[in-house]
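Undergrad: I have a structure here, written as structure tokens, and I will follow up with some questions on it.
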Amino acid sequence: MRPTSRHVLTGLLAAVVVLLAGCSVQPVAAPAALRTSSDIAAIRVTAGSGGTPPRVQVPTPFSVSTTTRRVLVQGTGPAIKAGQRVTVDYLGINGTDGHQILSSYGSRAPSFVLDRNQAMPGIVSSLVGVAVGSRVLAALAPQDAYGVQGQPAAGIGPTDTIVVLLDVKAARDVLAHATGTPVAPRPGLPTVHVGPAGRPEVTLPKGSPPDHLVVQPLIVGRGTRVHRLQQVQVQYLGVIWPGGREFDSSWRRGQPAGFTLGRGEIVSGLDRGLVGQTVGSRVVLVVPPDEGYGAAGNSAFGVRGTDTLVFVVDILDAG
């Protein structure tokens with residue numbers, strides 16, 4: 001009579017028990033935990049040659065709790081100041097696993113304003129005080145890089161340190177206010193004068209606002225012309241017509257604003273009206289509802305769907 005499969009299994013188990021009873025079984029050691037590095041001097045940077053980008057080798061996992069930098073090549077230009085526009089080539093590495101997350105090498109070096117509201121705080125602190133022409137290696141603590149939200153689409157977690165190589169090409173000052181040639185405005189438009197605190201103030205004319213976009217330079221700057229998809233730095237204020245109530249002002253906040261034209265970051269009347277103006281200009285823009293906040297208005301600012309907006313904008317920089 002053939003044994004059932006249950007009998008076969010029972011026999012095999014018995015054989016295994018006998019075999020193990022006669023052998024000494026060695027426990028399997030758990031894999032050793034990876035040791036996290038935080039020494040920026042342990043990161044190796046190999047200079048590129050023949051047009052190839054530099055190479056950054058990070059001992060992973062790499063993590064810092066405080067942003068730190070190391071100047072690899074000392075430049076001979078002036079020291080960079082906060083608030084300047086800098087032109088920088090960069091390469092970024094995720095310190096957790098060593099994968100490259102971004103690089104500008106091989107393309108046009110980007111420029112941006114060294115402002116913690118417009119650039120990574122860790123990049124700002126790593127470049128302030130460094131001479132133009134320098135090569136800087138920086139390890140950005142999570143809170144100074146992508147923050148607690150990380151950037152999952154790029155494989156960046158909320159606790160990842162970002163290692164960045166920065167080659168500083170140039171730096172220039174950003175204007176503090178409009179500078180250039182005064183222009184007499186057309187009659188019938190809102191008038192602008194500078195108040196005691198140095199901020200523009202708007203007086204509306206009598207009558208109804210125009211039903212189309214009006215762009216009136218008050219000062220024509222001597223800088224380059226602003227074009228679409230360019231990042232600009234401005235001071236601005238906005239008032240509502242009718243009534244003249246100020247609903248927004250970077251001057252009042254004490255901080256210039258930055259945005260990119262043509263990406264829908266601002267109302268369409270500003271997007272259209274600022275293109276072609278020059279850096280250093282002061283411009284008045286009368287924006288009808290359909291090029292402002294539309295029929296829905298903007299309840300946060302107290303703007304109704306029928307309100308015309310009047311902006312005064314100083315174009316301080318573009319890059």
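The values are calculated or read from the model by the stated rules, or taken from the named source; none is laboratory data. The structure displayed is predicted, hence computed values, not measured ones. Positions of Cβ are generated from backbone atoms using ideal geometry, with glycine treated the same way; all protein chains shown enter the neighbour counts. We work out accessible area using only protein heavy atoms, side chains counted, and drop any ligands, DNA or RNA first. Shrake-Rupley method; radii C 1.70, N 1.55, O 1.52, S 1.80 Å.
This table checks each residue for (1) among the aliphatic types (A, V, I, L, M); (2) surrounded by fewer than 19 Cβ atoms within 10 Å (Cβ to Cβ); (3) on the phi < 0 side of the Ramachandran plot.
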site	(1), (2), (3)
ARG55	no, yes, yes
VAL71	yes, yes, yes
GLN74	no, yes, yes
VAL88	yes, no, yes
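Undergrad: Report, by residue number, each residue of segment 95-121 that is loosely packed, with under 15 Cβ neighbours inside 10 Å, in contact (Cβ under 8 Å) with a residue 24 or more places away in the chain and among the small types (Gly, Ala, Ser).
TA: GLY106
Undergrad: In addition: Can you say whether VAL202 is among the aliphatic types (A, V, I, L, M) and in contact with a helix residue (DSSP H, G or I) (Cβ under 9 Å, 6 or more places away or on another chain), as far as the supplied structure shows? Talk me through it step by step, then tell me what you get.
TA: Details: among the aliphatic types (A, V, I, L, M): yes; in contact with a helix residue (DSSP H, G or I) (Cβ under 9 Å, 6 or more places away or on another chain): no.
Here the answer is no, as VAL202 does not meet what is asked.
Undergrad: Quick one: ARG186 ticks every box in (1) open to solvent by less than 20 Å² (accessible area, probe 1.4 Å); (2) modelled with pLDDT under 95 except a single one, so which number is it?
TA: Unmet condition: (1).
Undergrad: Taking VAL267 as the residue in question, decide whether it is open to solvent by less than 30 Å² (accessible area, probe 1.4 Å), within 24 Å of the chain's Cα centre (by Cα) and hydrophobic (A, V, I, L, M, F, W, C). Give the steps one after another, and end with the answer.
TA: On the way: open to solvent by less than 30 Å² (accessible area, probe 1.4 Å): yes; within 24 Å of the chain's Cα centre (by Cα): yes; hydrophobic (A, V, I, L, M, F, W, C): yes.
For VAL267, the condition - open to solvent by less than 30 Å² (accessible area, probe 1.4 Å), within 24 Å of the chain's Cα centre (by Cα) and hydrophobic (A, V, I, L, M, F, W, C) - is met.
Undergrad: Still on this structure, I have one more. Pick from ASP248, ASP314: which is closer than 23 Å to ALA197 by Cβ, assigned to a strand (DSSP E or B) and touching a His at 6+ places or on another chain (Cβ under 6 Å)? Let's see the steps before the verdict.
TA: Working: ASP248 fails: touching a His at 6+ places or on another chain (Cβ under 6 Å).
Answer to the selection: ASP314.
Undergrad: Quick one: in segment 41-53, which of the residues that are within 26 Å of the chain's Cα centre (by Cα) and aliphatic (A, V, I, L, M) is most open to solvent (accessible area, probe 1.4 Å)?
TA: Among residues in segment 41-53 that are within 26 Å of the chain's Cα centre (by Cα) and aliphatic (A, V, I, L, M), the one most open to solvent (accessible area, probe 1.4 Å) is VAL45.
Undergrad: If you check every pair at least six apart or on different chains, which have Cβ atoms under 7 Å apart with a residue in segment 266-289 that is at positive phi first and a residue that is open to solvent by less than 20 Å² (accessible area, probe 1.4 Å) and of a type in the set (A, V, I, L, M) second?
TA: What qualifies is GLY276/VAL226; GLY280/ALA178; GLY280/ILE315.
Undergrad: Name the one entry in ALA178, ALA109 that is of a type in the set (A, V, I, L, M, F, W, C) and within 30 Å of VAL286 (Cα to Cα). Give the steps one after another, and end with the answer.
TA: Details: ALA109 fails: within 30 Å of VAL286 (Cα to Cα).
Exactly one of ALA178, ALA109 is of a type in the set (A, V, I, L, M, F, W, C) and within 30 Å of VAL286 (Cα to Cα), namely ALA178.
Undergrad: Considering only segment 194-226, how many residues are touching a strand residue (DSSP E or B) at 6+ places or on another chain (Cβ under 8 Å) and closer than 30 Å to GLY319 by Cβ? Before the answer, list the steps.
TA: Within segment 194-226, the first condition is being touching a strand residue (DSSP E or B) at 6+ places or on another chain (Cβ under 8 Å), and the residues that meet it are 194-195, 199-205, 209-210, 213-226.
Subsequent filtering for residues that are closer than 30 Å to GLY319 by Cβ retains 194-195, 199-202, 213-226.
The qualifying residues number 20.
Undergrad: Cβ-Cβ distance below 8 Å, separation of 6 or more or different chains: which pairs start in segment 75-87 with a residue that is within 20 Å of ALA257 (Cα to Cα) and of a type in the set (Ser, Thr, Tyr) and end on one that is open to solvent by less than 60 Å² (accessible area, probe 1.4 Å) and assigned to a loop (DSSP other than H, G, I, E, B)?
TA: Within 8 Å, the pairs are THR87/ALA109; THR87/PRO110; THR87/GLY319.
Undergrad: Please enumerate the residues belonging to segment 205-236 that are of a type in the set (S, T, N, Q) and under 22 Å from GLY83 (Cα atoms).
TA: Narrowing segment 205-236 to residues of a type in the set (S, T, N, Q): 208, 216, 224, 230-231, 233, 235.
Those that are of a type in the set (S, T, N, Q) and under 22 Å from GLY83 (Cα atoms): THR224, GLN230, GLN231, GLN233, GLN235.
Undergrad: Next up: In the set GLY92, GLY83, which member is assigned to a loop (DSSP other than H, G, I, E, B) and of a type outside the set (Ser, Thr, Tyr)? Break it down into steps so the answer makes sense when it comes.
TA: Values: GLY92 fails: assigned to a loop (DSSP other than H, G, I, E, B).
GLY83 is the lone residue from the list that is assigned to a loop (DSSP other than H, G, I, E, B) and of a type outside the set (Ser, Thr, Tyr).
Undergrad: Does ASP317 meet the test of being among the acidic types (Asp, Glu), open to solvent by less than 10 Å² (accessible area, probe 1.4 Å) and within 21 Å of the chain's Cα centre (by Cα)?
TA: So ASP317 passes the test.
Undergrad: Follow-up. Only one of these is in contact with a Pro (Cβ under 9 Å, 6 or more places away or on another chain) and not basic (Lys, Arg): SER111, SER103. Name it.
TA: Working: SER111 fails: in contact with a Pro (Cβ under 9 Å, 6 or more places away or on another chain).
The match here is SER103.
Undergrad: Moving on. Could we say that GLY98 is outside any strand (DSSP E or B) and over 21 Å from ASP317 (Cα atoms) here?
TA: Values: outside any strand (DSSP E or B): yes; over 21 Å from ASP317 (Cα atoms): yes.
The answer is yes for GLY98.
Undergrad: Considering only segment 190-239, state which residues are assigned to a loop (DSSP other than H, G, I, E, B), open to solvent by less than 70 Å² (accessible area, probe 1.4 Å) and touching a residue at least 60 places away in the same chain (Cβ under 8 Å).
TA: PRO190, LEU204, PRO209, PRO210, LEU213, GLY223, VAL226, GLN230 - these are the residues of segment 190-239 that are assigned to a loop (DSSP other than H, G, I, E, B), open to solvent by less than 70 Å² (accessible area, probe 1.4 Å) and touching a residue at least 60 places away in the same chain (Cβ under 8 Å).
Undergrad: If I go through segment 140-175 residue by residue, how many of them are of a type in the set (Gly, Ala, Ser), within 14 Å of ILE101 (Cα to Cα), within 17 Å of the chain's Cα centre (by Cα) and open to solvent by less than 40 Å² (accessible area, probe 1.4 Å)? Show your work before the answer.
TA: First, the residues of segment 140-175 that are of a type in the set (Gly, Ala, Ser): 141, 145, 147, 150, 153-155, 157, 170-171.
Cutting the leftovers down to within 14 Å of ILE101 (Cα to Cα) gives us 145, 150, 153-155, 157.
Keeping just the survivors that are within 17 Å of the chain's Cα centre (by Cα) gives 145, 150, 153-154.
If we keep only those that are open to solvent by less than 40 Å² (accessible area, probe 1.4 Å) too, we end up with 145, 150, 154.
Total meeting the criteria: 3.
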